[in-house]
Amino acid sequence: MPAYKSFCWGLGTTSFRTKYFNRTIETQLSLLNLFWQHPENINEAWENNSVLQSRYYEHMKKHGFVSGDAPRKDKDAREKTSGLVDIGLIDSGRKLTEAGLKLLEISSENDFTPDNFLQIPKDSFIYLKQLLKTYNSVDGETVRPFIILIKLITEFGYLSSDEYTYLLPLCVSDESTNYIIEKIRELRNGNISIDEIIISRLMLMENYQEGLRIFLNNDVSAELICEIGMNRKSRRYDMPYFSLYQCLYQAYMNNDEAAYYSVYEATKNINIGIRWRNYLFNTVSKRAISDEPLSCINRTLFNEATNERQFKEAFFKVMHLLKAKATLSDYLDLNRRYIKTSDVVLFDDSVVKLDIVPKHFFGNIVEDLYEKAFEECDLLFNDCALEDIAECLITNEATIINGVNAELGTNITTVEEARIALNDIRYQRLHTLIEEKFTDEKLLSLLSYFESRNDDEIRNMVTDNADVPTIFEYVLGIIWYKTSEYEGQLLDYMKLSLDADLLPVTHAAGGEADIVYEYSASENYPEHALLLEATLADGTNQRRMEMEPVSRHLGSHLLRTGNLNSYCVFATTYLDINVIADFRNRKTTPFYNTHDYTQFVNGMKIIPLQTTELKQIIICGFKYKDLYPIFEEAYNSALPPHEWYDSCIKLNI
């Protein structure tokens, strides 16, 4: 009887598929660290201790990490933490490792400033090292997935979305990796399809060969279908395939046109039925399939079958092809989340590739690094140096310089020149990102979604690795960058963590709430800084959460810089009248240095702005040089707060 065997690798576990991925990991490390400090837990062991595991579930619930009541609290606690074991941040006993403690330290200090030659954030450098060490066991083989990713990207320059999703995880040994590399070459030459590669890769495995042999040599029954289905969980789950087989046989082998509709209906009883429907039919219209079935079918392996044996072989291969693609698609999101933590891999809509410096760094050493690809790493739990993982990972400044010169065709000679060139590339990528992802129309839609708190659509349009308030701040920065005619260093002005794709990341500790936009003197305004504060709080929460921090941030900035031309714009979806009143009163209220009362400013300029007006700024094409005099005139107005906003801001914008 053929047994299911793993045919691909995956990073982490599907039970740890979560939005705000970085923040979730950091929070989990903090919760575990706190949990083990509690007297009742200090001397306890995690393994086979359902009471302790259930207690940890309650600990997570107490701190708002989970909600509700899981039917099996101990199981939920294991699942919520198992992914961190896989990448070495905690051990199997759920104690923080050296690497985990280092990441927690970085998170707690809320300082992610790059301090490494790759110029990636401190936490990303930890993740990079952990990913280089992380290994899977797949059908008795050991494989380090991240090294395989580097190998394939270096081999081809990039991976397409389909290659990344369906082919990369099939590389579980040196033999299978070389096989997939050769097949990708054939794919790019147009000599083979993704589906054909997956089928051929599966059919190299003994269990699939045995399954096909049994299927071909026996009469088809529900029991036989369940046996050759090799379902991971329970063979009985494959029972509905028997009905599908019968309908397909009637349609393709008996040339019964009416049976195609029965095929369509039979797919609905299969948990991956949509994959079968997409494979078999070129439409989702039930009526069309019923009325004109022959015009609605795709050409598939079933069309090539001229006898029962060929038909059975086609059914077996398609069944396992679609199961494999479902599994690989299921791992796609999780693999991407883990890989993105390293901030050396770029993901866009169509390709996966390495950023410039990592591309040339790994490109120079990939063959030496690949020698480690199928070995376990006994340093997984350690906070070790990069070169301790593999001697070839020794870093030097020449790597940056040579990489930038090779990529850009420049003659840079110093690291500082290289960093300037890399920064220029980041801004080119930012402009491309804005042109494609943040058009005026999309920004208007996002502002409407912020107003209605359609959080799912916001995350879908931007990222799910940041919470919605962070995304609001990020979007405000994008709007202001466009309004400022792309002048200034937005990536420096935003006090946010960004991933390699220049999208925001929320961390557990949180960061400064403001964007500090620097303006040089021009004919339209003096040299000044503009603090952009963003909040989605409203009503009482807005008064409690924002009035003090906004004035404190601005006051501290004015005292520190001495430039009294600087001011603040406070953006929100809804303005509370008392927030407006408070900010207007700040015009004449002194702000003191709490450590030295001789240092103070006599007043502050704070301009509140609703998203309704932000929309008008976009629609009307206002530039910052147009807005500055409007804000200045409004600041100098003597109108009372309840009249001020409508007359001085809303009416003029």
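The values are calculated or read from the model by the stated rules, or taken from the named source; none is laboratory data. Since this is a predicted model, take the numbers as computed values, not measurements. With ideal geometry, Cβ positions are generated from the backbone for all residues, glycine too; neighbour counts draw on all protein chains shown. The area values use the complete protein model at the heavy-atom level, side chains included, leaving out ligands, DNA and RNA. Shrake-Rupley method; radii C 1.70, N 1.55, O 1.52, S 1.80 Å.
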(request) At a Cα cut-off below 16 Å, give the aspartates and glutamates reachable from Lys80, other chains included and same-chain residues fewer than 8 away excluded. (result) Glu26, Glu47, Glu58, Asp69, Asp91
(request) Work out, step by step, the length gained on full extension between Arg232 and Tyr486: first 0.36 nm times the residue separation, then minus their alpha carbon distance; give nm to one decimal. (result) 86.1 nm
(message) Using only the heavy atoms of the protein chains and a 1.4 Å probe, how would Glu265, Glu196 rank by accessible area, largest first?
(response) Glu196, Glu265
(request) Would you kindly find the accessible area of Cys296, with a 1.4 Å probe and non-protein molecules such as ligands, DNA and RNA excluded, rounding to the nearest 10 Å²? (result) 10
(request) Check cross-link reach from Lys372 to the lysines: straight Cα distance under 20 Å, and skip same-chain residues fewer than eight apart. (result) Lys129, Lys133, Lys151, Lys359
(request) Let me know the shape class of the range 1-67, please: from the alpha-carbon gyration tensor, a ≥ b ≥ c as square roots of the eigenvalues, rounded when a/c is under 1.5, otherwise prolate if a/b is greater than b/c, or oblate. (result) oblate
(request) Round to the nearest 10 and report in Å² the accessible area of Ile192, as given by a 1.4 Å probe over the protein chains' heavy atoms. (result) 30
(message) Quick query: amide H of Thr13 versus all other amide H atoms, modeled in the peptide plane; which residues come in under 5 Å with a sequence gap of 5 or more or a different chain?
(response) Gly83
(message) Whole angstrom only: what separates the Cα centroid of the range 51-110 from the Cα centroid of the range 375-423?
(response) 33
(request) Just report the Cα centroid separation between the range 446-504 and the range 351-372, whole Å. (result) 30
(message) Can you tell me how the chain classifies by the Cα gyration tensor, rounded, prolate or oblate, using a/c under 1.5 as the rounded cut?
(response) prolate
(message) Between Asn218 and Gln428, what's the calculated FRET efficiency when r is the beta-carbon distance and R0 is 51 Å? Round to 0.05.
(response) 0.25
(request) Evaluate the relative contact order of the chain (contact order divided by residue number), counting alpha-carbon pairs under 8 angstrom at least 6 apart; express in whole percent. (result) 13
(message) Give the residue list of GluC sites (Glu not before Pro) in the range 1-102 that are DSSP loop and have at most 10 other beta-carbon atoms within 10 angstrom.
(response) Glu40, Glu47
(request) Step through the residues of the range 298-307 one at a time and calculate ³J(HN,Hα) from phi using the Karplus curve (6.51 cos²θ - 1.76 cosθ + 1.60, θ = phi - 60°), rounding each to whole Hz and writing x for Gly and Pro. (result) 7, 7, 9, 4, 5, 5, 8, 7, 10, 8
(message) Run the simple label-point estimate for Asp69 and Ile619 please: 7 Å along Cα→C-beta, distance reported in nm.
(response) 5.1
(request) For helix 50-62, report the angle its Cα long axis makes with the longest principal axis of the Cα atoms of the chain; keep it between 0 and 90° and round to the nearest 10°. (result) 40
(message) Give me a comma-separated list of calculated 3J(HN,Hα) values for the range 181-187, in order, Karplus coefficients 6.51, -1.76, 1.60 applied at θ = phi - 60°, integers in Hz, x for any Gly or Pro.
(response) 4, 5, 5, 5, 4, 5, 4
(request) Could you pull out every one of the lysines with an alpha carbon less than 18 Å from that of Lys605, ignoring same-chain neighbours closer than 8 positions? (result) Lys587, Lys625, Lys650
(request) Label the range 521-653 by shape, choosing from rounded, prolate and oblate, from the square roots a ≥ b ≥ c of the eigenvalues of the Cα gyration tensor; if a/c is under 1.5 it is rounded, and otherwise prolate applies when a/b is larger than b/c, oblate when it is not. (result) oblate
(message) Give me the one-decimal nm value for the distance between modelled label points at Arg453 and Ser82, 7 Å along each residue's Cα-to-Cβ direction.
(response) 3.4
(message) Could you report the accessible area of Lys102 in Å², rounded to 10, computed with a 1.4 Å probe on the protein chains as they sit in the structure?
(response) 70
(message) Starting from the 7 Å offset along Cα-to-Cβ, what nm value, one decimal, do you get for the label separation of Thr589 and Ser285?
(response) 6.5
(message) Spelling out what I want: for every residue of the range 208-214, take phi, set θ = phi - 60°, compute 6.51 cos²θ - 1.76 cosθ + 1.60 (Karplus), and round to whole Hz; glycine and proline get x.
(response) 6, 5, 5, x, 5, 4, 5
(request) Work out the FRET efficiency for Asp626 and Ser329 from their Cβ-Cβ distance, taking R0 = 41 Å, and round it to the nearest 0.05. (result) 0.30
(request) Return one number: the angle in degrees, 0 to 90 and rounded to the nearest 10, between the long axis of the Cα atoms of helix 122-133 and the longest principal axis of the Cα atoms of the chain. (result) 10
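Out of all DSSP beta bridges with both ends in the chain, state the antiparallel percent to the nearest 5.
Numbers: 22 of 33 bridges.
Among the beta bridges of the chain, antiparallel pairing accounts for roughly 65 percent.
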(request) Pull out the extension gain between Asn602 and Ser556, defined as 0.36 nm times the separation in residues minus the alpha carbon to alpha carbon distance; nm, one decimal. (result) 15.3 nm
(message) Longer than 22 Å from Cα to Cα, which of Lys19/Lys340; Lys5/Lys340; Lys183/Lys323; Lys353/Lys482; Lys233/Lys323 are they? Say none if no pair is.
(response) Lys5/Lys340; Lys353/Lys482
(request) Give me the angle, in degrees from 0 to 90, between the Cα long axis of helix 539-561 and the longest principal axis of the Cα atoms of the chain, rounded to the nearest 10. (result) 60
(request) Would you grab the residues whose amide H sits under 5 Å from the one on Val345? Only those 5+ places off in sequence or on another chain, please, with H modelled 1.01 Å from N. (result) Asp355
(request) Please get the size of the charge dipole for the range 53-205, origin at its Cα centre, with Cβ charges of +1 on Lys and Arg and -1 on Asp and Glu, quoted in debye to the nearest 20. (result) 580
(message) Quick check on my link table: of Lys437/Lys615; Lys286/Lys312; Lys73/Lys102, which ones sit more than 23 Å apart, alpha carbon to alpha carbon?
(response) Lys286/Lys312; Lys73/Lys102
